[in-house]
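Engineer: Got a structure for you, questions after.
The values are calculated or read from the model by the stated rules, or taken from the named source; none is laboratory data. Predicted model only: the values in this text are computed from it and were never measured. Note that we place each Cβ from the backbone using ideal geometry, even for glycine, and neighbour counts take in every protein chain shown.
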Amino acid sequence: MEMSSKLLEKAVAEISQLPGIGKRTALRLALHLLRQPEEQTVQLSGALKAMRQDIKYCRECHNVSDADVCEICLNPLRDKTVICVVEDIRDVMAIENTGFFKGSYYVLGGKISPIDGIGPGQLNIATLVEKVRQGTIKELIFALSSTMEGDTTNFYIYKQIKDTGVVISAIARGVAIGDELEFADEVTLGRSILHRVPFENSLSR
């Protein structure tokens, strides 16, 4: 796609690197920004720069945060003894939107996937196991997507902590097998949290 402006061409090339954005959509977005007041574009670029440079990951649960500890972990009304284990921050947002869960979270940062070169060492699993073994956790809820990678990750963690006496459960299969949590509707996801089942039961399905 040849353009009369190298500056526009560079902007389009950068925007098109975003997931789901092709060259034509990138051009449309770039031209839209060009038509807006300069202040609006400057504010957008400033917000993106600040997000990239200043955002932190909570030292307690690995959720995104503006401080060293996220607002969920700092909330005294949340049950710190019940932890919901999720793949990434989108799952935290999805579950929070249901309004059903009042415990804490733990973000693994992905799922075990040998085909993609992702092993337990690339995820936040060791620190989760250590947290459980400290003896302050009463229940661990697996809320990873119902995929082979999600089930493999659940089972790997289960083997590390099954002797700790902690209650280990998994969300009910109201979320269809193969579905990602972020795409489940809030009512279905909320009910799957409320009607969670012992993890051992989920192994026999």
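Engineer: For the range 148-172, which residues satisfy the criterion of being over 20 Å from residue 110 (Cα atoms) and under 22 Å from the mean Cα position of the chain (by Cα)?
Structural biologist: 172 - this is the single residue of the range 148-172 that is over 20 Å from residue 110 (Cα atoms) and under 22 Å from the mean Cα position of the chain (by Cα).
Engineer: Please find, within the range 14-27, the residue that is nearest to the chain's Cα centre (by Cα) out of those that are in a helix (DSSP H, G or I) and surrounded by 14 or more Cβ atoms within 10 Å (Cβ to Cβ). Steps first, please.
Structural biologist: Keep residues of the range 14-27 that are in a helix (DSSP H, G or I), which gives 14-15, 23-27.
Checking which are surrounded by 14 or more Cβ atoms within 10 Å (Cβ to Cβ) leaves us with 15, 25-27.
Values: 15: 23, 25: 26, 26: 26, 27: 30 Å.
Only one residue fits best here, namely 15.
Engineer: Scan (1) closer than 22 Å to residue 168 by Cβ; (2) surrounded by 18 or more Cβ atoms within 10 Å (Cβ to Cβ); (3) among the aliphatic types (A, V, I, L, M) for the single condition residue 126 breaks and write down its number.
Structural biologist: The failed condition is (2).
Engineer: Name the single residue that is farthest from the chain's Cα centre (by Cα) among those in the range 55-86 being assigned to a helix (DSSP H, G or I) and among the aliphatic types (A, V, I, L, M).
Structural biologist: 74
Engineer: Quick one: how many residues across the range 41-53 are surrounded by fewer than 10 Cβ atoms within 10 Å (Cβ to Cβ) and within 16 Å of residue 15 (Cβ to Cβ)?
Structural biologist: 1
Engineer: Separate question: May I ask you to verify whether residue 186 is closer than 26 Å to residue 97 by Cβ and modelled with pLDDT of 90 or more?
Structural biologist: no
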